[in-house]
Amino acid sequence: MSKILVELQYLPSIAYFTLLQNADQVIIESQEHFVKQSFRNRMLIHDANRILPLSIPVQHTALKIPITEVRIDYKQKWVNAHWRAIQSSYGKAPFFDYYAEYFKNVLYQEETFLFAFNQKLLTLCLKLLGLSINIEYTAEYRKSPNEDTIDMRSTISPKVNVENLPWFHAKPYYQLFGKDFVPNLSILDLLFCTGPDASIILKESFLGLENK
């Protein structure tokens, strides 16, 4: 039985959902401090010209902020900017019209806290992917988890090349832009481009945690 410990991310990557789909139990880290320049408040999509990072601005009130207390900064008009970028990138994707309103509704709710916002989006993504996953949340922070738990915190990071994830090899699928397949964009890319086949591609992208 595989039990993994991982952080919450903003509309996470295909690698993230590949990991979740193939774990018997998922523990979400809820007692850590906020980590800058990570996928906790950042995702990657692909527009007509390039890979485009989209970041949620947060309010900085202390050097070490508990992740559940990080507030989203709505003084910056990031919601409109993110939604316009998503529309521009995926408006012509085969399944955009099928899924778009679900994501738009969550984005425009103006959730106060980043952690709660990411929770809502994760719940939505799992529902759209048709995945039923046993998820728990940590009650305290431990630098090293129990021996029966695989620590995957910060493993999927902007600082880590996707080719260095030994348990993951993205199954290529149709993408709107570019000649070369981009293997680890936000789950939005997979859902909008492949629709109900998304969960199959996740399964075929997993090499096994024994390769960790």
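Only the coordinates and a few stated rules stand behind these numbers; no lab work does. These figures come from a predicted structure and were not determined experimentally. Here the Cβ positions follow ideal geometry from the backbone for every residue, glycine too, while neighbour counts run over all protein chains shown.
General remarks:
- Restricting the GluC sites (Glu not before Pro) of segment 131-212 to loop positions (DSSP other than H, G, I, E, B) with no more than 16 neighbouring Cβ atoms within 10 Å leaves Glu140, Glu147.
- Distance cut-off 22 Å, percentage of C-alpha pairs in the chain lying past it: 48 percent
- Between segment 19-78 and segment 86-101, the alpha-carbon center distance in angstrom: 22 Å
- Bridgeable aspartates and glutamates around Lys75 (alpha carbons under 19 Å apart, same-chain partners fewer than 8 residues away excluded): Glu110, Glu111.
- Span-rule helices in the chain, defined as complete DSSP H runs reaching 20 Å or more along the axis (Cα) with Kyte mean at least 0.0: 114-129
- Pairs from the table (Lys179/Lys203; Lys143/Lys171; Lys77/Lys143; Lys104/Lys171; Lys3/Lys203) lying more than 29 angstrom apart at Cα are Lys143/Lys171; Lys77/Lys143.
- Among the chymotrypsin sites (Phe, Trp or Tyr not before Pro) in segment 65-144, those located in a DSSP loop and surrounded by at most 14 other Cβ atoms within 10 Å of their own Cβ are Tyr74, Tyr108, Tyr141.
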